[in-house]
1. With the requirement that a residue be under 22 Å from L90 (Cα atoms) and touching a strand residue (DSSP E or B) at 6+ places or on another chain (Cβ under 7 Å), what does region 245-284 give you?
2. For region 132-159, how many residues meet the condition of being without any contact (Cβ under 8 Å) to a residue 24 or more places away in the chain and more than 28 Å from A205 (Cα to Cα)?
3. Go over the candidates S88, S134 one by one and state the one that is farther than 30 Å from V227 by Cα, of a type in the set (S, T, Y) and in contact with a Lys or Arg (Cβ under 7 Å, 6 or more places away or on another chain).
4. Please go through region 201-247 and pick out each residue that is more than 23 Å from I279 (Cβ to Cβ) and either basic (K, R) or without any contact (Cβ under 8 Å) to a residue 60 or more places away in the chain (or both).
5. Give region 172-190 a look and list any residue that's out of contact with any strand residue (DSSP E or B) (no Cβ under 7 Å at 6 or more places or on another chain) and surrounded by 17 or more Cβ atoms within 10 Å (Cβ to Cβ), or say none.
6. So L149 ticks every box in (1) within 30 Å of D285 (Cβ to Cβ); (2) at pLDDT 95 or above but one. Which box is left unticked?
7. Which strands (runs of 3 or more DSSP E) does region 191-287 wholly contain that include 1 or more residues that are small (G, A, S), touching a Phe, Trp or Tyr at 6+ places or on another chain (Cβ under 6 Å) and surrounded by 15 or more Cβ atoms within 10 Å (Cβ to Cβ)?
Amino acid sequence: MKRMRLPLIALAAAGALALSACASGAGTTDETTAPEPEPTFEAGTTMAALAEAGTITIGTKFDQPLFGLNGPNGPEGFDVEIGKIIASELGIAEDDIVWTEAVSANREPFIQNGEVDIVIATYTINDKRKEVVSFAGPYYMAGQSILVLADNDDIADEDDLVGQPVCSVTGSTPAANLEALGAEVVLTDTYSNCLEPLRNGSVVAVSTDNVILAGLAAQNEGEFKVVGEPFTDEPYGIGLALDDTDFRMWINDVLEEAAADGRYEDAWNATAGTVLPFIEAPAVDRY
């Protein structure tokens, strides 16, 4: 095979360029940072499939300030930030996340039908739900409380709700708790739809998790107030397909890493932490 020869002028120019580069680089440090390696996962896992696809579909609430609200720039809130952390560990950019509105009643069907990959939507872990979906987490511990009109001094705790019309959401744990308590439960699809019945006196209170109520009160300053101490424990988990143990354990790993390296606290402070105090992340339950 015939060897190619560079013209002498080209060789001279290349040599001069090399000398110039050496001279200008003397005594300096290369500040170029190597790009982060793409994450790799075992073939056949959900993590591998999502990473290869380069996208993930996450169900979240669109009407809950602080945790999941569809704002002017898209979904925002603590649940949304947790979703972004999980996506980033799969090598998926924020812009490649598909956000789907998940109301309380459709969270299990969305997971079972494969309409979403995960649900992060103020989603309380309980044994009944674990019969049809799996949960990673918990990543936050909430508690059911009560929202009333700002001038209502008649309701102080859950005992005052017995026999009273109280608004909550279809398919939610708080609605079941109210029914067991003896309240007259008025159901709707989203908690924001409970506010007008509260304003016009159709119900005396709205009851759900304290963090959700705090967000609604903050969004409607001066109209409402949260009363009483939380009367349940509501561990929020990340819903995913039943028996996808590898994916569940991997998400638990991500949650633990985020709690340890400060990303969890940063996500809280940027969202719910603007209204609520920071609480350390709960220990995950690797059932």
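The values are calculated or read from the model by the stated rules, or taken from the named source; none is laboratory data. Bear in mind that the values here come from a model prediction, so they are computed numbers and not experimental data. Here the Cβ positions follow ideal geometry from the backbone for every residue, glycine too, while neighbour counts run over all protein chains shown.
1. If the condition is that a residue be under 22 Å from L90 (Cα atoms) and touching a strand residue (DSSP E or B) at 6+ places or on another chain (Cβ under 7 Å), then F247, R248, I251, N252, L255, A281, V284 are the ones that fit.
2. Looking only at that region, the number is 0.
3. S134
4. Within region 201-247, G201, S202, V203, V204, A205, N220, E221 meet the criteria.
5. Scanning region 172-190 gives a single hit, L181.
6. The number of the failed condition is (1).
7. Answer list for region 191-287: 234-241.
Residues are listed down the side, and each one gets a yes or a no for (1) out of contact with any Lys or Arg (no Cβ under 9 Å at 6 or more places or on another chain); (2) modelled with pLDDT under 95:
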residue	(1), (2)
N73	yes, yes
D79	no, no
G83	yes, no
Y123	no, no
P138	yes, no
I155	yes, no
Q164	yes, no
